[in-house]
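> Following this message is one structure expressed as structure tokens.
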Amino acid sequence: MKAVTAARTGGLARLSDFFFRNRGLLTAFLLLPPLAWIVIVYLGSLFALLLQSFYSLDEFSGLIVRELTFATYAEIFESSNLQIILRTVTMAAAVTVADAVIAFPIAYFAARYARGGAKALFYLAVMMPLWSSYLVKVYAWKLILAKEGIITWAAAQLHLTFLLDGILAIPVIGGPSLSISYLGTFLVFVYIWLPYMILPVQAALERVPRNFIEASADLGARPGQTFRTVILPLALPGIIAGSIFTFSLTLGDSIVPQIVGNSRYFIGQAVYTLQGTAGDIPLAAAFSVVPMVIMGLYLAAAKRLGAFDAL
Amino acid sequence: MTPAVSFQRVSRHFGSMRAVDDVTLDIAPGEFFAMLGPSGSGKTTCLRLIAGFEQPTYGHIEIFGETAEGLPPYRRNVNTVFQDYALFPHMTVGENVAYGLMIKGMARADREVKAAAALAMVKLEGFGDRRPSQLSGGQRQRVALARALVNEPKVLLLDEPLGALDLKLREQMQEELKALQKQLGITFVFVTHDQGEALSMADRVAIFNAGRILQAGSPTDVYERPQSRFVADFVGSSNIMAPEFSAAHGGPGVWISLRPEKISVLKASDKPPVGHGSAEGLVAATHYQGSVTRIVINSGGARLTAAIPAGTSRFHEGDIVRFVWSKDSIVAMEHGE
Amino acid sequence: MRSEGAAWPLRFAAAAGLAFLHLPLALIFLYAFTTEEKSFQFPPPGYTARWFGTAWFDRPDIWPPLVLSLKVALFATLLALIFGTLAAAALARARFFGKESLSLLFILPIALPGIITGIALRSAFDIMNLPFSTWTIVLGHATFCIVVVYNNVLARFRRTSASMIEASMDLGADGFQTFRYVVLPQIASALLAGGMLAFALSFDEVIVTTFTAGQQATLPIWMLGELLRPRQRPVTNVVAIFVIAVTFIPIIFAYYLTRDGEHIAGGGK
């Protein structure tokens, strides 16, 4: 028997030999199709988006003028559009704070106390709403917040109708019913993005060694002090990572305010309506650059705080 | 006779790192050859060059006289036992062992017979239907061995195969491997960083450092006649003495190596025996180590260690002693650094 | 702080938070059985199962969106499986300059809000004068589904010992045989999990689709229409239950297939 054997012969084996000798080519060969897809379809589209934002709409003919101009960006700075942006950013900030507050005990409990099977169950319990149908979740809240829905009923049963009416009577956030108010929009946003806050906070908390807490207690800190001086600072990168999701998802959402909310626009809705019924793709494109810029600034700030270590 | 493996000025560079640097080496057929060195010394890369996982940047490799560079691993009749065993978790033990035969196109019944025989050879009869995950570390190691040997390779490569086993099991496997190699007559190339393992198992040992072979020879050869400070230190421990020391005590006037166990310690007033070199020194420390006691001696700016059988030491820190050595236990070295 | 268990306020807060996550979905089920079809009256004035029959027999407008959604999800999943696996295979072991940016590129479509992907595709279709079709929807879905398959398969590749592939080649198998007998069985469950997640993601997607569908309706778009202009509200709930099932079952199955990895990978996500 020869020391150097001839294994399988034929085209495939020879091709295998070729790739064995040229491993770089193999990587390139594997990478080319998906890379071409992403570059052409996705980066190409993002480029088209940028290009469109420098086009403008002829108001009389309703046709897109394919000449580069800053006129469309100038429209963004009209006061009605600035109001949309302000409204959206305020909502995103409020949603982010609320999610951080609600997510923390859940994440803390999962990271500290849940063990083994309970932990897996916990993980599943957080993941399932994350993956379940977005639209169905929004719909569920339409049911809850409807004027004749469960909240109104519960308030009546508890003789708290006056409280609900009082809340709805608050200017700006109130409205004829919860499903037609900023408060309703806010609740739905808080709900659907909550898992995006829980998971990174939990990941950050799990990295806090148990003996840190014991050490802190050992050094005479009361639980409250331990929480403030040890746990919270260590969880902060996780909270910031989660806030990136909640903030950016709220900024870019176009569905929730359509279903639950008053008729005032958010950025997402504006983009959707502009490209659709109005046919003003350039302004829609320029509008969608706004959340990208805001997120860019937010990410730059988060990066300086070290939030990406917790992702 | 054609060598089983022949390296001719072989280098393997990874970027600017020279993992293997101008290595020339012949391994004889039927030899148990050990590659010994610290991690990152190039020994594993040499093994991977023989297996075909790496290709040389420069130089020429032959396996039984046939050119090996450019040949992928699947075209070499060489098999490997991996450090992490690399058993296929989705196959049974029997399927793992029969894998090479299946690829060669052997009929199922035939390869099952051969796989069972190979498992018997490594004392794992009847384990064919289990999964690798159900085996202990030692058993996995045996499966990896059977999986390689069933293909009747011309050269068997073993990459630190005993590294993950505990001491007792390791010693047992050392004996078994040695016996298996004698019985099968296959060339074994064995990579290890454990000098004891290399010395006890191999017919020949190559000492690697920084991508080069510093010395190759029989275990006695590299232990008794180290040619450089690195070899003397890495294989066992040794007193490396400067040329001045050697010259001052009637030696060859070059760097020498003097093994601690070759030094006897006497009272300062004692006369050295005929044919022995001697010097006076101050005992700086004594370390009791069970079978031996190590005595650290300062002598005229030099410091050396003597290892004497435990229980025979009458000396204490601060004693002035005379230490003596047989002149033929001095090894002149080519390199002092 | 006691080590044996959490303080009751923490337990209560965690439980309340989880209830907040899950109770709304229960209402979807309840309202599918209400006799009231014009409003969301609570508690429902009566209970009936007839809406399931209505959805199946009397609402032909449900079927074309359902078929379109299934078709889109199938094609998008197929494309994602091919491209995601290729990308993971290429990037799992190779080392070259710019690799980090490349893997970021594959994650980008899911990292940016859907509305940006949507309006970007819409802008491109407009510039190229590409008419809306099933394929314009597939184009968008495949782009963000690739990353799901990519992540799953990449994680599996990373967990698979590199020496396994070398061992196969050492034993005489060439590259293709090694792929068939060693690599494929190792990544099979990751492929299945990634494929199912991609399917669920595509089947459920609404934001990007609103930009790439034109006048066509996928099931989520049909649902969106029902939410904005309702008729026979309980029928929407029946469809919602169906959507929950179609997305949940693959997700649970995918979790089951990759759960060993979760434990090994620990908090690596």
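The values are calculated or read from the model by the stated rules, or taken from the named source; none is laboratory data. Everything numeric here is computed off the predicted structure, so don't read it as measured data. Neighbour counts run over all protein chains shown; Cβ positions are idealised from the backbone, glycine included. Side chains included, ligands, DNA and RNA excluded: accessible areas come from the protein's heavy atoms. Shrake-Rupley method; radii C 1.70, N 1.55, O 1.52, S 1.80 Å.
> Leaving out ligands and nucleic acids, and using a 1.4 Å probe, what accessible area per residue does segment B:10-137 come to in Å²?
I get 39 Å² per residue for segment B:10-137.
> Right, another one. Given a 1.4 Å probe, how much area per residue of chain A is accessible, in Å²?
That works out to 46 Å² per residue.
> Please give the Cα centre distance for segment C:28-75 versus segment B:220-257, rounded to the nearest Å.
Taking the Cα centre of segment B:220-257 as reference, the centre of segment C:28-75 is 91 Å away.
> Another question, if that's okay. Work out the mean other chain Cβ neighbour count within 10 Å for the residues of A:24-37 and drop it here as an integer.
The shielding value for this peptide is 6.
> Continuing with this model, one more query. Accessible area lost on pairing C with A, both sides, 1.4 Å probe, Å² to nearest 100?
That pair hides around 8000 Å² of surface in total.
> OK, next. For segment B:5-233, what is the relative contact order in percent, using Cα pairs closer than 8 Å and at least 6 residues apart in sequence?
28 percent
> Evaluate 2.2 N^0.38 Å with N set to the residue count of the protein assembly as shown, then give the Cα radius of gyration divided by it.
Computed over Cα atoms of the protein assembly as shown, the ratio equals 1.25.
> Then there's this: Provide a list, ordered by number, of residues in segment C:18-64 showing at least 40 Å² less accessible area with every protein chain present than when their chain is taken on its own, using a 1.4 Å probe.
C:18, C:20, C:21, C:22, C:24, C:25, C:27, C:28, C:40, C:42
> In addition: Thinking of segment A:194-247 as a set of Cα atoms, what percent of all their pairs are more than 12 Å apart?
Counting pairs separated by more than 12 Å, the tail of P(r) holds 62 percent.
> Here is a follow-up. Normalised by the residues of segment B:240-332, what does the relative contact order come to in percent, with Cα pairs under 8 Å and at least six apart?
Relative contact order comes out at 36 percent.
> Quick check: the distance between the Cα centres of segment B:1-67 and segment C:164-182, to the nearest angstrom?
Computed from Cα coordinates, the inter-centre distance equals 23 Å.
> Let me ask you something else. For a paramagnetic label modelled at 7 Å from the Cα of residue B:2 toward its Cβ, which residues of segment B:55-80 fall within the zone defined by backbone nitrogen distances under 19 Å?
From segment B:55-80, the list is B:60-79.
> If you average 1/r across every pair of different Cα atoms in segment B:240-332 and take the reciprocal, what Kirkwood value do you get, in Å?
For segment B:240-332, the Kirkwood estimate is 13.2 Å.
> Compute the acute angle (0 to 90°) between the alpha-carbon long axis of helix C:184-204 and the principal axis of greatest extent of the alpha-carbon atoms of chain C; round to the nearest 10°.
Long axis of C:184-204 versus the principal axis of chain C: about 30 degrees.
> Same structure, new question: Quick check: at a probe of 1.4 Å, how many percent of the accessible area of segment B:1-125 sits on carbon and sulfur atoms?
With neighbouring chains kept in place, the figure for segment B:1-125 is 53 percent.
> Quick one: accessible area per residue over segment C:16-82, 1.4 Å probe, rounded to a whole number of Å²?
50 Å²
> Rounded to a whole number, what is D in µm²/s for segment C:2-59 from Stokes-Einstein with the Kirkwood radius over alpha-carbon pairs (4 °C, 1.567 mPa s)?
My calculation gives 91 µm²/s for D.
> Now a separate question. Within the set B:262/B:327; B:182/B:262; A:142/C:38; B:114/B:168; B:43/B:114; B:178/B:262, which residue pairs have Cα atoms separated by over 21 Å?
From the list (B:262/B:327; B:182/B:262; A:142/C:38; B:114/B:168; B:43/B:114; B:178/B:262), the Cα-Cα distance tops 21 Å for B:182/B:262; B:114/B:168; B:43/B:114; B:178/B:262.
> For residue B:104 and residue A:215, what does the FRET efficiency come to when R0 = 51 Å and r is the distance between their Cβ atoms, rounded to the nearest 0.05?
It comes to 0.25.
> Any idea how far the Cα center of segment B:99-158 sits from the one of segment C:8-25, in Å?
Cα centroid to Cα centroid, the span is 54 Å.
> For every helix of n ≥ 4 consecutive DSSP H residues, a contribution of -39,500 (n - 2.57) applies; sum these over chain A, divide by its total residues, and give [θ] at 222 nm rounded to the nearest 500 deg cm²/dmol.
Roughly -22000 deg cm²/dmol at 222 nm, from the helical runs in chain A.
> Using a 1.4 angstrom probe on the protein heavy atoms only, could you order A:42, A:73 from most to least accessible area?
Output order, biggest surface exposure first: A:73, A:42.
> Determine the share of segment B:240-332's accessible area contributed by carbon and sulfur atoms, expressed in whole percent, with a 1.4 angstrom probe.
Taking all protein chains in place, segment B:240-332 shows 52 percent carbon and sulfur surface.
> Compute the FRET efficiency between residue C:47 and residue C:16 as 1/(1 + (r/R0)^6), taking r as their Cβ-Cβ distance and R0 = 41 Å, and round to the nearest 0.05.
0.90
> Extent of chain A along each principal axis, from alpha carbon coordinates, in Å, largest to smallest?
Extents along the principal axes: 95, 74, 37 Å.
> If packing is taken as the average count of other Cβ atoms within 10 Å, what order do B:93-99, A:19-25 fall into, highest mean first?
The packing order, highest mean first, is B:93-99, A:19-25.
> Go through segment B:44-52 residue by residue and turn each phi into a ³J(HN,Hα) via Karplus (6.51, -1.76, 1.60, θ = phi - 60°); whole Hz please, and just put x for glycine and proline.
Once rounded to whole Hz, the list reads 5, 4, 4, 4, 5, 5, 5, 5, x.
> Same structure again: Semi-axes, largest first, in whole Å: what does sqrt of 5 times each Cα gyration tensor eigenvalue give for segment C:59-258?
Computed over segment C:59-258, the values are 36, 20, 13 Å.
> R0 = 45 Å: FRET efficiency of residue B:220 with residue B:120, Cβ-based, nearest 0.05?
0.80
> Roughly how crowded by other chains is peptide B:95-101, in terms of the mean Cβ count from those chains within 10 Å of each of its Cβ atoms?
For this peptide, the per-residue mean of nearby foreign Cβ atoms is 3.
> Here is a follow-up. What percent antiparallel are the DSSP beta bridges of the protein assembly as shown, to the nearest 5?
Within the protein assembly as shown, antiparallel bridges account for around 75 percent of the total.
> Arrange the peptides A:112-119, C:116-123, B:30-37 so that the one whose residues have, on average, the most other Cβ atoms within 10 Å appears first.
Top to bottom by mean Cβ count within 10 Å: C:116-123, B:30-37, A:112-119.
> Quick check on packing: order A:196-207, C:93-104, A:289-300, B:281-292 by the mean number of other C-beta atoms within 10 Å, highest mean leading.
A:196-207, A:289-300, B:281-292, C:93-104
> Separate question: Which percent of the accessible area of segment C:1-92 is formed by carbon and sulfur heavy atoms (probe 1.4 angstrom)?
Carbon-and-sulfur percentage of accessible area, whole number: 74.
> In terms of Cα to Cα distance under 27 Å, which lysines are near enough to residue C:71, apart from those fewer than 8 places away along the same chain?
A:137
> A follow-up question, please. Once label points are set 7 Å from the Cα along Cα→Cβ at both residue C:249 and residue C:228, what is their separation, rounded to one decimal in nm?
Computed distance between label sites residue C:249 and residue C:228 equals 3.1 nm.
> Just counting partner chain Cβ atoms within 10 Å, what average do the residues of peptide B:56-63 show around their Cβ?
1
> How much of the DSSP beta bridge set in segment B:5-233 is antiparallel, as a percent to the nearest 5?
50 percent
> Then there is this: For the pairing of chain A with chain B, what total accessible surface becomes buried, with a 1.4 angstrom probe, in square angstrom to the nearest 100?
1300 Å²
> Take chain B, drop everything but the C-alpha atoms, weight them equally and run the Debye formula without solvent; then report log10 I(q)/I(0) at 0.09, 0.13 Å⁻¹ to two decimals.
Taking Cα atoms of chain B as identical point scatterers yields -0.60, -0.98.
> Another one. Using alpha-carbon pairs under 8 Å, 6+ residues apart, how would you state the relative contact order of segment A:75-310 in percent?
Relative contact order comes out at 26 percent.
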